[in-house]
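The block underneath contains the structure these notes are about, expressed in structure tokens.
The values are calculated or read from the model by the stated rules, or taken from the named source; none is laboratory data. All values derive from a computational prediction rather than experimental measurement. Here the Cβ positions follow ideal geometry from the backbone for every residue, glycine too, while neighbour counts run over all protein chains shown. Protein only, heavy atoms only, side chains kept; ligands, DNA and RNA dropped before computing areas. Shrake-Rupley method; radii C 1.70, N 1.55, O 1.52, S 1.80 Å.
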Amino acid sequence: MGARLKRPALALSVALAIAIILSYAYSAVFVYYPMNVILRPVDPPIIFSPGSNANQNDLGGQNNPYDSNKIDVNTGLQGTVLSLTLHPTYQYNYYYNLSLIVNNDGKAYYITLKVKQAASLPPDSVARLLVYNAPSGGDEVADVSLLSTGDTATAQIPAGGVWRIDVYIYIPEGNTLPSQTSAEVQLIYSPETGVTPPIVPP
Amino acid sequence: MKYEKKNLFYIYILFLTLIPFTAYASIFTYYPVNVSLQPVSPPIVLRDPLQPGVSVSTGPAGASASIAYLIPYAISLSQGAIYSNTFDTGLPVGWVTYGLGTWGSSTGRVSGGVSGSTKGGQGQTDVAYYKTSDLYSSSYSGYIYLAAYVSTSNVGAGRWAGIAFHGTATQNFYACLVGDNGMLEIAMRIYFGVEFWTVLSSAQAAISTGSFYLLVCARNPSTGAMLAQLYDPSTGFLLASTSASSTLISPTSIGLVVRRVGGGPGVSPVFDELVLSYRDPGSVCITNIPSGWRAELYNGSTLIGSQISSGPAAEVCFQIFAISTILRQGVIRVYDSSNTLRASLGPQLVVGGSLYRLDPQASTARILNVVNLDGKGYYALLTLSSYSYSGFSSIQIRVCGSTCSSWISIPPPPAQTTEVQIPPGTSYVELSQNPSQVGAQASISLFLNYSTLPGQGGVSVAYPIFISIR
């Protein structure tokens with residue numbers, strides 16, 4: 001009677017073991033679909049180029065011997081980076097035509113400026129990066145404070161368009177001037193509008 | 001069933017068409033932009049030029065300025081006395097005498113005297129008069145005032161001393177006299193080989209011998225109206241006054257008169273500080289004083305009076321005869337409503353009956369220094385921001401460096417100057433103003449713009465400047 005009861009249990013255990021073995025065999029099945037990603041880099045359709053006041057004399061300088069400060073404008077080797085070093089003083093400072101945004105493509109792009117890291121100036125100061133839709137004169141298409149993070153509204157640069165970058169700075173008297181402060185900004189462009197750019201780098 | 005397959009085909013084509021657009025919208029390119037600010041101390045600072053009438057308050061860094069400019073004012077004689085003489089050396093040169101008495105000097109005054117026996121009851125008259133030329137027109141249509149301090153030794157009956165409007169070519173005159181039992185009289189003397197006196201009017205005056213009184217005699221040459229007044233200088237009170245009218249004589253000169261009728265003691269008066277004027281000889285007036293401004297009159301360091309103007313271009317007057325109708329060390333000072341001295345005249349001879357006038361003066365002044373502390377030149381201009389003004393013919397402002405710019409005009413145009421180079425060192429802002437009336441004032445806000453390149457190229461900096469002109 002006892003032997004009769006042990007046989008079915010053994011059979012069930014063997015069946016369960018076989019089922020588990022069979023299930024491992026199923027997960028080892030892989031199916032491969034072909035997928036091809038082709039990268040064909042192009043020259044940047046939008047580039048920075050130095051403006052008419054790039055690398056001209058700025059306020060102040062070093063003595064013995066005298067060496068004037070410069071309005072330092074660096075647009076990188078391919079014009080895909082813009083670095084500005086400015087030497088403002090108290091009251092109202094206006095840097096005109098520091099750099100140009102040039103659309104070399106045959107189609108329009110949509111441009112947004114995003115301040116990722118704000119500069120720091122004394123209270124009540126103003127520092128704005130202004131973009132106009134012409135190398136001279138023109139209408140303002142972007143205005144972003146360098147003293148707070150945020151985005152500008154998106155504006156369309158037409159095919160072959162040339163935009164101008166100015167900087168306006170106001171520092172009220174009665175405050176100590178910082179030796180240096182920086183703002184990190186991104187110029188983001190896209191051929192299409194209506195989609196919020198993702199944050200890059202992630 | 002066949003129709004459904006066709007629909008599925010179109011949906012599939014549409015899906016394929018939308019795929020590229022979806023791909024475009026997902027393309028974003030990111031360019032880094034770095035803006036580095038390295039503020040520097042102001043390479044150009046504003047400074048007080050330390051010029052008279054200019055007060056400058058600059059900002060903590062010298063990058064702004066508030067300027068107060070005081071318009072220069074001047075006091076000038078608008079209408080002086082016609083004639084005056086202090087009698088310090090006795091009877092002046094050029095005076096003519098006739099009659100029976102004698103004239104001399106007495107401690108800086110003119111003394112006259114008539115004494116001795118009577119002459120046929122016609123009396124004795126001693127006259128000294130000034131006849132070098134006609135002193136005024138006989139057709140003048142207002143009062144002409146003659147005044148002198150008179151002290152007499154005898155005010156009894158038949159004794160007179162006084163001053164006269166005298167005919168130049170004749171011995172006829174109108175006289176204002178004191179005496180004859182303490183009377184103030186207006187009398188007329190006609191001479192045809194013998195003299196005839198007529199008392200035209202009189203008033204009782206309580207005068208005593210040995211005291212000086214201010215005797216004022218006024219006559220309108222056109223109408224013949226005359227007025228005699230007697231003041232006590234020690235109190236300033238009017239002691240007596242009388243009036244008359246006559247046109248029989250047409251005097252154009254002046255004189256001193258001593259007269260005695262009847263025997264007995266003679267009369268020896270003393271005269272001092274003779275003034276002939278178109279206005280009250282007992283006062284000095286200053287006109288064109290702005291409302292709230294204060295005028296002061298001094299004799300040396302002694303303040304005679306201080307008055308605040310109540311009108312926009314008012315006249316203020318100071319009674320001076322208690323001191324003297326001729327101030328040897330007269331000083332006039334005018335202060336504005338902030339108690340700032342704006343104009344001063346003297347010390348000099350100030351004669352009663354004179355009218356002085358306060359007037360703003362045109363000027364050109366350096367109102368602000370612009371100091372370039374840097375080792376390179378800058379390019380500067382001025383730009384008008386806002387303004388208000390009243391009472392000016394013109395206001396102009398410019399900046400001067402290597403050369404001077406063109407002017408900003410108030411009111412514009414132009415509202416901006418031309419650009420000039422600001423070399424290392426001191427340049428300046430210049431104001432030129434021409435007021436047209438007293439109380440002229442202006443408030444002007446402008447910017448000093450300077451740049452590192454010509455044409456306001458490179459970086460352009462703007463310093464606010466406020467100018468108050470009053």
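Using a Gaussian network model of chain A with C-alpha springs under 10 Å, which one of A:Ser13, A:Ser120, A:Ser179 is most mobile by mean-square fluctuation? It is A:Ser13.
Semi-axis lengths, largest first, of the ellipsoid equivalent to the stretch B:83-277 are 21, 19, 18 Å, with √(5λ) applied to each eigenvalue of the Cα gyration tensor. Near the amide H of B:Gly300, within less than 5 Å, lie the amide hydrogens of B:Gln329, B:Gly330, B:Val331, all on another chain or at least 5 residues away, with H placed in the peptide plane. Heavy-atom accessible area buried between chains A and B is around 4300 Å² (1.4 Å probe, both sides summed). Per-residue Karplus couplings for the stretch A:54-61, computed as 6.51 cos²θ - 1.76 cosθ + 1.60 with θ equal to phi - 60°, are listed in order as 5, 6, 8, 4, 10, 5, x, x Hz, Gly and Pro entered as x.
With a cut-off of 12 Å between beta carbons, the residues surrounding B:Trp407 carry a summed charge of 0, where Lys and Arg count +1 and Asp and Glu -1. Amide H contacts of B:Ile254 (H built 1.01 Å from N, in plane; Pro and chain starts excluded): B:Tyr130, B:His166 sit under 5 Å, all sequence-distant by 5 or more or on other chains. Put simply, the amide H of B:Val459, placed in the peptide plane, has neighbours under 5 Å in B:Thr452, B:Leu453, leaving out anything fewer than 5 places away on its chain. A Förster radius of 35 Å combined with the Cβ-Cβ distance from A:Val81 to A:Thr176 puts the calculated FRET efficiency at roughly 0.65.
Per-residue mean of foreign Cβ neighbours for A:89-101 is 6 (Cβ atoms of other chains, 10 Å radius). Every helix of 4 or more DSSP H residues in the protein assembly as shown counts as -39500 (n - 2.57), and over all residues that averages to -2500 deg cm²/dmol at 222 nm.
Look at the stretch A:42-48: the mean tally of other chain Cβ atoms within 10 Å of its residues' Cβ atoms is 1. Placing pseudo-labels 7 Å out from each Cα toward the beta carbon at B:Thr340 and A:Asp72 gives an inter-label distance of 4.8 nm.
Sorting the segments B:186-193, B:379-386 by their residues' average number of neighbouring beta-carbon atoms within 10 angstrom, most packed first, yields B:379-386, B:186-193.
Counting Cβ atoms of other protein chains within 10 Å of each residue's Cβ and taking the mean over peptide A:71-83 gives 2. Highest mean packing first, where packing is the average number of other Cβ atoms within 10 Å per residue, the peptides B:156-165, A:74-83, B:442-451 line up as B:156-165, B:442-451, A:74-83.
Per-residue 3J(HN,Hα) values for the stretch B:428-437, derived from phi via the Karplus relation 6.51 cos²θ - 1.76 cosθ + 1.60 with θ = phi - 60°, read 7, 9, 10, 10, 10, 9, 9, x, 9, 7 Hz in sequence order (x marks Gly and Pro).
In order along the stretch B:256-264, the phi-based Karplus estimate (6.51 cos²θ - 1.76 cosθ + 1.60, θ = phi - 60°) of 3J(HN,Hα) comes to 10, 9, 10, 9, 9, 10, x, x, x Hz; Gly and Pro are listed as x.
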